[in-house]
Amino acid sequence: MNKCGRLIQKLINPFRFKKDDKKEADLENIAAQEQKIFRFETLVSATKDFHPNQKLGEGGFGPVYKGRLEDGREIAVKKLSQSSNQGMREFRNEAKLLARVQHRNVVNLLGYCAHGAEKLLVYEYVANESLDKLLFKSGRRDALDWKRRYDIIAGVARGLLYLHEDAHCVIIHRDIKASNILLDDKWVPKIADFGMARLFPEDETHVNTRVAGTNGYMAPEYILNGHLSVKADVFSFGVVILELISGQKNSTFNSLDAQNLLEWVWKMYKKGKSLDVMDPTLASSVVREQVEMCVQLGLLCTQADSQLRPIMRRVVVMLSKKPGTLEEPTRPGYLGSRYRRTRKPTASSSTAGTYSDSSSHTSSSTTSTISATVTGSTLPLPSPKISDPRGKHPMPG
Ligand SMILES: Nc1ncnc2c1ncn2[C@@H]1O[C@H](COP(=O)(O)OP(=O)(O)OP(=O)(O)O)[C@@H](O)[C@H]1O
Ligand SMILES: [Mg+2]
């Protein structure tokens, strides 16, 4: 920068800092007024000192505890693991912003707590907990009749539409899956863990392009190229639709006919046997046209070519229409045997369908978070086409 440039910069900087400070002070005021800040002692007492009996589960970001505030409100407290490299100031700012996200189909973030090195998020407690527990783990799958499942699909669609288009900032969830859909006492679905991409930003200057999400739900272009857009959420939502209809978990799906749930549903759909993918426990409550329409919708959302996947606004419209008016889906996208976690990116790796036709691969049955790494040593590195500049996942370990 020349002398003149430096002088201009010097003159501008004080104003710039003032603006940032003002923004932060505004957020601080909003948080204080709305009582979004929790004292650590309050959370210790609410969760019985984070007693193991209070633990609801633990995912990639740290353990979650059930608690009760003095006023009787039930809460879920997420203790974020230390692996986040985000500073306290950024954490506070992001948490304050996220606490303003409010929608019937999104879990309410009541507030946050920053205590020493500890970062905690405080959510409303959602009575029926997560969809995965009910659908895959509890043997209580029959509690979810077709009407409930259809309402869950429609509710999650509205919640995602809100996050993508109507919240005060665009929020790409990046980890839509059955365990991040909670059900309240009236079975209203609520999307959990929105905004984790903002709370766990990746170092964008790092030579590695690292992508993480949950096996079985991630869009192929996101795994292979780190290309994150709202269409990656649409893909994950499509997987959830097909899991709800079939009662089968994509990542542990086992069949001689197909390497995963998506391929199996696709094959059945092409044979005109959409209804055969249905969970047998739905037999007595089924509305056939709706199931067929949702199979088609699930396939539209999981298409290999992200451009062809509908945006959430369109999904919500489709769900409100009479069945039978949807377009034809093309092949779903999933990773075949040629997929390698560390691979040299090629131009073709992002093209639709190149990673979807494999015959010998058996899909992994792990449900853990997986990662695809493009290392500096395998350059040329593609410039990560990330629509949300902060939309990267924390890397476990
Ligand atoms: N607000 C909440 N109300 C009720 N139960 C909750 C709430 N938040 C989380 N849980 C429960 O805690 C469990 C653990 O949640 P957590 O988000 O840590 O893990 P996960 O969803 O399996 O993985 P990930 O970290 O990728 O989101 C969930 O499966 C859910 O059953
Ligand atoms: Mg979760």
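The values are calculated or read from the model by the stated rules, or taken from the named source; none is laboratory data. None of these values were measured; they are calculated from a predicted model. No Cβ is skipped: glycine too gets one built from the backbone with ideal geometry, and neighbour counts run over all protein chains shown.
Annotations for the structure displayed:
- Residues that are away from ligand 2 (no atom under 16 Å from the Cβ) and not assigned by TED's automatic domain parsing to the domain that holds MET196 occur at least once in segment 76-85.
- Residue match in segment 45-64 (condition: more than 14 Å from ligand 1 (Cβ to nearest atom), outside the structural domain of LEU183 (by TED's automatic domain parsing) and of a type in the set (Lys, Arg)): yes
- ALA99 vs. criteria surrounded by 22 or more Cβ atoms within 10 Å (Cβ to Cβ) and outside the structural domain of GLU243 (by TED's automatic domain parsing): yes
- Qualifying residue in segment 127-135 (condition: at pLDDT 90 or above and under 25 Å from GLY226 (Cβ atoms)): no
- Selected residue (criterion: modelled with the highest pLDDT) from residues of segment 161-194 that are aromatic (Phe, Trp, Tyr) and assigned to a loop (DSSP other than H, G, I, E, B): TRP187
- When the residues of segment 255-283 are filtered to those that are touching a residue at least 24 places away in the same chain (Cβ under 8 Å) and outside any helix (DSSP H, G or I), the one that is nearest to ASP145 (Cα to Cα) is ASP279.
- Across segment 65-106, the number of residues qualifying as among the aromatic types (Phe, Trp, Tyr) and either within 16 Å of ligand 1 (Cβ to nearest atom) or free of Cβ contacts under 8 Å to residues at least 40 places away in the same chain (or both) comes to 1.
Conditions (1) on the phi < 0 side of the Ramachandran plot; (2) at pLDDT 85 or above; (3) not β-branched (Val, Ile, Thr), marked per residue:
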{"residue": "GLN9", "(1), (2), (3)": "yes, no, yes"}
{"residue": "LYS19", "(1), (2), (3)": "yes, no, yes"}
{"residue": "LEU56", "(1), (2), (3)": "yes, yes, yes"}
{"residue": "GLY72", "(1), (2), (3)": "no, yes, yes"}
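- Within segment 27-44, considering residues that are aliphatic (A, V, I, L, M) and modelled with pLDDT of 95 or more, the one farthest from ligand 1 (Cβ to nearest atom): VAL44
- Qualifying residue in segment 107-117 (condition: on the phi > 0 side of the Ramachandran plot, part of a loop (DSSP other than H, G, I, E, B), surrounded by fewer than 15 Cβ atoms within 10 Å (Cβ to Cβ) and more than 13 Å from ligand 1 (Cβ to nearest atom)): yes
- Among residues of segment 136-160 being at pLDDT 95 or above and of a type in the set (D, E, K, R), the one that is farthest from ligand 1 (Cβ to nearest atom) is LYS147.
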